[in-house]
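Shown next, in structure tokens, is the structure this report addresses.
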Amino acid sequence: MKIEIWSDFVCPFCYIGKRRLEQALENFPNEEKAEVVYKSFELDPNAERSSKQSMHEKLAAKYGRSLEEAKEMTKNMEEQASMVGLDFRFDTMVPTNTMDAHRVAKFAETKGLDQETAEILFRAVFTDSKDIGDHETLIELAQEAGLDQSEVRQVLESTDYMELVRTEETEAHQVGVQGVPFFVINRKYAVSGAQPKEIFTQALEKAYSEEKQAPAFETFSGQNGAACTDDSCE
């Protein structure tokens, strides 16, 4: 069973949704059969790498709210995060551009460290208040995930994986992604948003039961089909 997740590292509900899916998988009897793949999605491709605005100021401007209303919005998110064991700190969160973070995540995927890298990047943004648009910060975080610092620096000093990030973002629109997080199971079932754990469990159970019952291939054969075996070709 393959689970593809389109998300952005500065998206609070992406982190919450990630944790809810993980909790659903922990209680799923066939957890080891699930392959989780993270896909790139930039909520704001034009975001500045270094913004002078605080996260609350940025949200207030984006949604046409007052600063107090923006703080109330984030308070609700912090409460939802705490319910799944996450510690969100919007007061000190650093707004930034996430393209380079996605490029590092794609590089980590080639090393089999994409799961570790995704978790570290989310935690860096929402709990540790780190700037994941800063190259030195990204290099330190990548090393924490088990990646080689010099290799990550080479990636960041080039345009490596940028085309792959853009391709995954185009793919997102092709499969109907209008917001993140967006979860696709076996390219058949979609879960949009940070749904409750129970919704993820239902989707996992349905996808797994259908996969288990269905034959590996639907076979089309006639009586005159020529074929070779180990013994002969007839």
Counting only DSSP beta bridges with both residues in the chain, what percent are antiparallel, rounded to the nearest 5?
60
Which FRET efficiency, nearest 0.05, do Glu210 and Gln174 yield, Cβ-Cβ r, R0 22 Å?
0.45
Leaving out ligands and nucleic acids, and using a 1.4 Å probe, what accessible area per residue does region 76-202 come to in Å²?
47
Name the residues whose placed amide hydrogens come within less than 5 Å of the amide hydrogen of Val37, ignoring near sequence neighbours (fewer than 5 apart) on the same chain.
Ile3, Glu4, Ile5
Candidates Ala118, Ala34, Ala172: whichever shows maximal mean-square fluctuation once the chain is modelled as a Gaussian network with Cα springs under 10 Å:
Ala34
In whole percent, what relative contact order does the chain give with Cα contacts below 8 Å and a gap of six or more residues?
28
Output the 0 to 90 degree angle, nearest 10, between the alpha-carbon long axis of helix 12-26 and the longest principal axis computed from the alpha carbons of the chain.
40
Once both axes come from the Cα atoms, what is the angle between helix 67-83 and the longest principal axis of the chain, in degrees from 0 to 90, rounded to 10?
40
Kirkwood Rh (inverse of mean 1/r, distinct Cα pairs), region 96-217, angstrom:
16.3
Enter the angle in degrees (range 0 to 90, nearest 10) between the Cα long axis of helix 99-110 and the first principal axis of the Cα atoms of the chain, meaning the one along which they spread out most.
30
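Considering only protein heavy atoms and a probe of 1.4 Å, how much of the accessible area of region 48-186 is carbon and sulfur, as a whole percent? Don't skip to the answer; put the middle values down first.
Values: 3190 of 7080 Å².
About 45 percent, which is the carbon plus sulfur part of the accessible surface.
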Glu26-Thr167 pseudo-label distance in nm [points 7 Å out on the Cα-to-Cβ vector]
3.5
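The values are calculated or read from the model by the stated rules, or taken from the named source; none is laboratory data. It should be emphasised that the depicted structure is a prediction, and the values quoted were computed from it without experimental measurement. Because the Cβ atoms are built from the backbone with ideal geometry, glycine has one as well, and the counts that use them run over all protein chains shown. Surface areas here come from the heavy atoms of the whole protein model, side chains and all, with no ligands, DNA or RNA. Shrake-Rupley method; radii C 1.70, N 1.55, O 1.52, S 1.80 Å.
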